[in-house]
Every structure is written in structure tokens, then in C-alpha cells.
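S.K.: I have a structure I would like to understand better, so I am pasting it below and will then ask my questions one at a time.
The values are calculated or read from the model by the stated rules, or taken from the named source; none is laboratory data. All values reported here derive from a predicted model rather than from experimental measurement. For neighbour counting, all protein chains shown are included, and Cβ atoms are generated from backbone atoms with ideal geometry for every residue, glycine included.
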């Protein structure tokens, strides 16, 4: 039976998030963790639009997640005084503390994930997914140029 | 985070595959038609849901699209929708070679580097990683 690579990847991704969620009850989706990590990685604040571009997800979905994170007091939303249409996001102290927990949880899940696999196997796995992405990106460009 | 990398590549895979598939160019269509064609016994809606590992509502919506396109027919087996049996129509059956071809194209494309990617090895690693997460 042919199994599409996309489904195997999605299934693994889902399982990864489930494992992560077990150690972080506040994390309802990987995007939540990812948003906090992006905000932590940026110096100062990030606009909603920048976040949506960086994570490659719709702004409408980002809005829902931001609302959730604001209710949890993990981030703060402020209007950019220079462009009042723009919403700027920053981590709260609680959000900063959550990032530390997320990193610990990711390390733990990564450790769990790699059990029984050698460093070489893991290295080649990530190298392969990078190459696959490169190949698929290349296909997309070829199609657009036609 | 690994989960995002996997999902991003998955999405990219679907978008490239969609360029080679017949309408509605979806992964769902390809997997449904292949499953129904390859099973020796009739596939029920419930089995399709289990196979695709997605929620019932999404699957029913996509299935209705395939029915309206005339690719699949439904034979009622009981009053419950998940017991409905799926049958390929001649139009659906005619699409199978195109779907197989699209899958061959994408497999060739993802392995298309100077240093060949061993997809079997890759899939066995994927399964091992998944098993670790299941523990």
C-alpha cells in the first residue's frame, strides 16, 4: 500500500507535539510553542504580520493563537504608534519563564525521539529531510517559472 | 522544532504532488482512490477514516467532493454513514494511472540529488522515530 511521505511526516509531527504537550499542559499546539520561541529569539517585539510570515501560517489563525496566548498572559499585544494598523507582540515575564520550560521539554522529547539511533543515523535523517525540502522547493520554482 | 520542519516539508510535498494530480489535486483524493482500488473487500467510510487518521467531518466533506466529481459511489450498508461502502466509478478507475504516475514523479523529485536519497532507509528511520515517541 502506498503511503504518502506527507502523511508519515505529519503523523510523526503530531506525535512529537503530543509528547511535548504531555510535559507542557499549557501548550495546545506546536504553533503556541513556536510563537513563544520566535518572540524570545527576536530582539524586542515582532508584528503579527512578521510572525505569520515567519511561521508560514495565515494571519487569521495567528490572531486566534495570539488571543489564546494573551489570555494565558504569556504575551502582550500593543499597537504600533507609528502604524496603528500594526499589532506588536512581546513576551511577558510569564512567557519568558514558559520559554525555558519549552526548551527543556524539547530537549527531553528530542532525547526520547533519538533513542536507539546513532548520531550518524540522526544526522543523515535531518540531512535527508533538508535535501527533500530543497528538491521540493526547486520543483515549486520550476512550476512557477513555466 | 522538528515537528514544524516535518509539517512544512509535508505541506510542500502535498503542494508539489497536487500539481501532478488530477482535480481536485488533493492528497485525500489520491489516497482514497488508491485505498478503494487496492482493497479486495469493499472499503467503508469508517475504514477510510481510520486509514487516513483524520477527523470524520473533514473526511466526509472531502468524500462528498469526490462523489460530486463522480469518482466514487456510495453503497449504503446500514443506517450509519460510517458503514457506507465506497466503490470506484469508471471515471475514478481511469484516474488511477495518473495518480500512480504523480506519485512516481514526486518520489523521483524528492530523491533528485547528485547523492541519491534512499527512501526505504528514510521511511524505516521515520518508523523508528515514531516508535520512540509512542513508548
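S.K.: Among the residues of segment B:7-28, what is the count of those that are assigned to a helix (DSSP H, G or I) and out of contact with any helix residue (DSSP H, G or I) (no Cβ under 6 Å at 6 or more places or on another chain)? I'd like the intermediate steps shown before the answer.
M.R.: First pass over segment B:7-28, keeping only residues assigned to a helix (DSSP H, G or I): B:7-20, B:27-28.
Okay, now just the ones that are also out of contact with any helix residue (DSSP H, G or I) (no Cβ under 6 Å at 6 or more places or on another chain), so B:8, B:11, B:15, B:18.
Going through segment B:7-28 one residue at a time, the tally reaches 4.
S.K.: Please go through (1) free of Cβ contacts under 8 Å to residues at least 40 places away in the same chain; (2) in contact with a helix residue (DSSP H, G or I) (Cβ under 8 Å, 6 or more places away or on another chain) for residue A:64 and return the number of the only condition it doesn't satisfy.
M.R.: With (1) free of Cβ contacts under 8 Å to residues at least 40 places away in the same chain; (2) in contact with a helix residue (DSSP H, G or I) (Cβ under 8 Å, 6 or more places away or on another chain) applied to residue A:64, the lone miss is (2).
S.K.: Being more than 14 Å from chain B (Cβ to nearest Cβ), at pLDDT 90 or above and not in a loop (DSSP other than H, G, I, E, B) is the requirement here; does residue A:86 meet it?
M.R.: Values: more than 14 Å from chain B (Cβ to nearest Cβ): yes; at pLDDT 90 or above: no; not in a loop (DSSP other than H, G, I, E, B): yes.
Taking the combined requirement at face value, the residue does not satisfy it.
S.K.: If residue A:108 satisfies every condition in (1) more than 30 Å from residue B:107 (Cβ to Cβ); (2) within 14 Å of chain B (Cβ to nearest Cβ); (3) over 15 Å from the mean Cα position of the chain (by Cα); (4) free of Cβ contacts under 8 Å to residues at least 24 places away in the same chain but one, which is the exception?
M.R.: The number of the failed condition is (4).
S.K.: Only one of B:63, B:95, B:103 is surrounded by 12 or more Cβ atoms within 10 Å (Cβ to Cβ), assigned to a helix (DSSP H, G or I) and at the interface with another protein chain (Cβ under 10 Å from one of its Cβ atoms); which? Break it down stepwise before answering.
M.R.: Values: B:63 fails: at the interface with another protein chain (Cβ under 10 Å from one of its Cβ atoms); B:95 fails: at the interface with another protein chain (Cβ under 10 Å from one of its Cβ atoms).
Answer to the selection: B:103.
A quick yes/no check of all residues on (1) part of a strand (DSSP E or B); (2) at pLDDT 90 or above:
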site: A:54; (1), (2): no, no
site: A:62; (1), (2): no, no
site: A:69; (1), (2): no, yes
site: A:90; (1), (2): yes, yes
site: A:100; (1), (2): no, yes
site: A:106; (1), (2): no, no
site: A:115; (1), (2): no, no
site: A:123; (1), (2): no, no
site: A:127; (1), (2): no, no
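S.K.: Turning to a different aspect of this structure: Only residues that are under 17 Å from residue B:46 (Cβ atoms), under 15 Å from the mean Cα position of the chain (by Cα) and outside any helix (DSSP H, G or I): list them for segment B:66-85, please.
M.R.: Within segment B:66-85, B:72 is the sole residue that qualifies.
S.K.: Hey, another quick one. Can you tell me which of A:102, A:35, A:75 is under 30 Å from residue B:123 (Cα atoms), surrounded by 17 or more Cβ atoms within 10 Å (Cβ to Cβ), more than 10 Å from chain B (Cβ to nearest Cβ) and in contact (Cβ under 8 Å) with a residue 40 or more places away in the chain? Don't jump to the end; show me each part of the working.
M.R.: Values: A:102 fails: more than 10 Å from chain B (Cβ to nearest Cβ); A:75 fails: under 30 Å from residue B:123 (Cα atoms).
Going through A:102, A:35, A:75 in turn, the sole match is A:35.
S.K.: Here's another thing I want to ask about it. Starting from segment B:63-80, take each residue that is at positive phi and list its partners that are in a helix (DSSP H, G or I) and surrounded by fewer than 16 Cβ atoms within 10 Å (Cβ to Cβ), counting only C-beta distances under 6 angstrom and pairs at least six apart or across chains.
M.R.: B:70/B:91
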